[in-house]
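The values are calculated or read from the model by the stated rules, or taken from the named source; none is laboratory data. Here the structure is a predicted model, which is why all the values come from computation and not from measurement. Every residue, glycine as well, gets a Cβ built from its backbone with ideal geometry; the counts of neighbours run over all protein chains shown. Quick note on the areas: whole protein, heavy atoms, side chains included, nothing else; ligands and nucleic acids left out. Shrake-Rupley method; radii C 1.70, N 1.55, O 1.52, S 1.80 Å.
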Amino acid sequence: MEIRHIKQDDNKFAISRIYEESWKFAYKDIIPKDYLDSIPSGNWAANLDKEGMNTLVLIEDGIFIGTSSYCKSRFSDFSNFGEIVSIYLLPQYIGKGYGKYLLAAAVKELELLGFFDIFLWVLEDNFRARRFYEREGFKFSGKYLDNNIGGKELRELQYCRSVRKP
């Protein structure tokens, strides 16, 4: 297993495939099926080089199996926070411990950037992800965003974690 920053010559479509397959698996009972089925191949490829965004990839046996993006908070209310924008794995690797390593790497990278308070957003109905983040020390802050995805009203919950040393 290798976790590293994305490289310019990495196959962006292989990395985008992680998002596409993960969305279709993780959100199958949350986001409308017709919306998930309509996600085009390579949908996320162009966003992987977005300025200000940092992307990690998780590689196992030469295959991209996971990815995480993080940055300085995109929300003015949390300007001193680091933000984990995404963590996704190919479905066949979910529940095998890879997510824990990918999350730890993203948290460590945010620490290296000087962020000791970190947050992320998770869909309210994504109970599997919420349990995962809670096991890793993230707590629901009480804040949320209402969003419409695929014609369905959904709520995203903010989870926070401090990594300051006592």
**Request:** Would you please give the FRET efficiency between residue 101 and residue 11, computed as 1/(1 + (r/R0)^6) with r the Cβ-Cβ distance and R0 = 22 Å, to the nearest 0.05?
**Result:** 0.55
**Message:** Let me make sure I get this right: for segment 19-120, a, b and c are the square roots of the gyration tensor eigenvalues over alpha carbons, sorted descending. Under 1.5 in a/c it's rounded, otherwise prolate if a/b > b/c, else oblate. Which is it?
**Reply:** prolate
**J(HN,Hα) series, segment 91-101, from Karplus relation 6.51 cos²θ - 1.76 cosθ + 1.60, nearest Hz, glycine and proline x** = x, 5, 9, 6, x, 10, x, 5, x, 4, 5
**Asked** Can you give the relative contact order of segment 33-145 as a percent, counting alpha carbon pairs under 8 Å and 6+ residues apart?
**Response** 18 percent
**Complete:** Among segment 81-116, those whose backbone N falls under 11 Å of a label point 7 Å along Cα→Cβ from residue 21 are 89-94
**Complete:** Non-local residues with an amide H under 5 Å from the amide H of residue 86, with H modelled 1.01 Å from N and Pro and chain starts lacking one, are 69
**Item:** 15 Å Cα cut-off, lysine pairs counted over the chain (separation 8 or more, or different chains)
**Value:** 9
**Message:** I'd like to check one number: the per residue accessible area of the chain, probe 1.4 Å, reported in Å² as a whole number.
**Reply:** 55 Å²
**Message:** Not counting ligands, DNA or RNA, and with a 1.4 Å probe, what is residue 130's accessible surface area in Å² rounded to the nearest 10?
**Reply:** 50 Å²
**Message:** For the chain, set up a GNM with springs between Cα atoms under 10 Å and report which of 69, 79, 16 has the largest fluctuation.
**Reply:** 79
**Complete:** Measuring from its Cα centre, segment 63-137 shows a charge dipole (+1 at each Lys and Arg Cβ, -1 at each Asp and Glu Cβ) which, in debye to the nearest 20, is 320 debye
**Complete:** Expressed in nanometres to one decimal, the distance between label points 7 Å along Cα→Cβ at residue 76 and residue 37 is 4.2 nm
**Fill in**
About its Cα centre, the chain carries a charge dipole, from +1 on Lys and Arg Cβ atoms and -1 on Asp and Glu Cβ atoms, whose size in debye to the nearest 20 is 500 debye
**Prompt:** Looking at segment 32-95, which GluC sites (Glu not before Pro) are DSSP coil and have at most 12 other C-beta atoms within 10 Å of their C-beta?
**Reply:** 51
**Asked** Say we join alpha carbon atoms closer than 10 Å with springs in a Gaussian network model of the chain; which of 95, 142, 114 then has the biggest fluctuation?
**Response** 142
**Item:** the chain - mean residue ellipticity at 222 nm from DSSP helices (-39,500 (n - 2.57) per run, n ≥ 4, rounded to 500)
**Value:** -8000 deg cm²/dmol
**Prompt:** Which FRET efficiency value, to the nearest 0.05, do you get for residue 29 and residue 60 by plugging their Cβ-Cβ distance into 1/(1 + (r/R0)^6) with R0 = 22 Å?
**Reply:** 0.20
**Request:** Let me know the shape class of segment 78-166, please: from the alpha-carbon gyration tensor, a ≥ b ≥ c as square roots of the eigenvalues, rounded when a/c is under 1.5, otherwise prolate if a/b is greater than b/c, or oblate.
**Result:** oblate
